[in-house]
Amino acid sequence: MSDLTLHLENITFQGKEMEDATQFLQNVKRVAFAQGRQRDQEWLVDYVETCLAGDALEWYTELDEETRFNFDHLRIAMIKRFRVTTPANIQPAPPAAVPPHTGGVTTGGSSTAGSQIPRKQMTSGLDGVNPTSAAASAQAPMSG
C-alpha cells in the first residue's frame, strides 16, 4: 500500500467552519480510485460515513435514507451544507438596473463625467436640419 493511499484512508471530515466538503469528497474519490472502488456506490457511502465526525456526523445521521445511501445525492447535499465560501466561488452580484434613457447623451469627459447633454446640443450646428437631407444636399452637384 502506497504512502498516499495510507494517508488518504485516514481522512476525517468534521464540518468545521473552514473545512471544505469539496476537498473532502475529492479525497474520498482518490481513495476509492486507489482501491478500485470509484464506481461502487455502496462502498463510497460506507466509506464517507466512516470518515465523518462531529457536526458532519450529526448532520449525516439526520439525512433521509435516499441521500445517505446514494453517493451522488450525498455529495450534492454535503457541498450545499459544508461548502466554504471564498472569493473564488462566490457568484458576482447581478449588475444594477440601468436607468431609463432620458433622451440625452451621457458624456465621458472628466469635467462632465456622467452629465446629460440634450441631444439637440450634440448636432454640431445642424439644429433643425435633418442630418440625412443635409448629407444628401452636400453630395448634390451645385448648379451655378
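Bear in mind these aren't lab numbers, they're just calculated from the coordinates by the rules spelled out. Keep in mind that this is a model prediction, so the values were computed, not measured. All Cβ positions, glycine included, derive from the backbone under ideal geometry; neighbour counts span all protein chains shown.
Can you name the residue in the stretch 36-56 that is part of a helix (DSSP H, G or I) and touching a residue at least 40 places away in the same chain (Cβ under 8 Å) and is also surrounded by the fewest Cβ atoms within 10 Å (Cβ to Cβ) among such residues?
Of the residues in the stretch 36-56, the ones part of a helix (DSSP H, G or I) are 41-51, 54-56.
Retained after the next criterion (residues that are touching a residue at least 40 places away in the same chain (Cβ under 8 Å)): 51, 54-56.
Numbers: Cys51: 19, Gly54: 13, Asp55: 16, Ala56: 22.
Only one residue tops the list, namely Gly54.
Those residues that are surrounded by fewer than 19 Cβ atoms within 10 Å (Cβ to Cβ), among the hydrophobic types (A, V, I, L, M, F, W, C) and under 29 Å from the mean Cα position of the chain (by Cα), I need them from the stretch 21-35; list them, please. Result: Phe33, single match.
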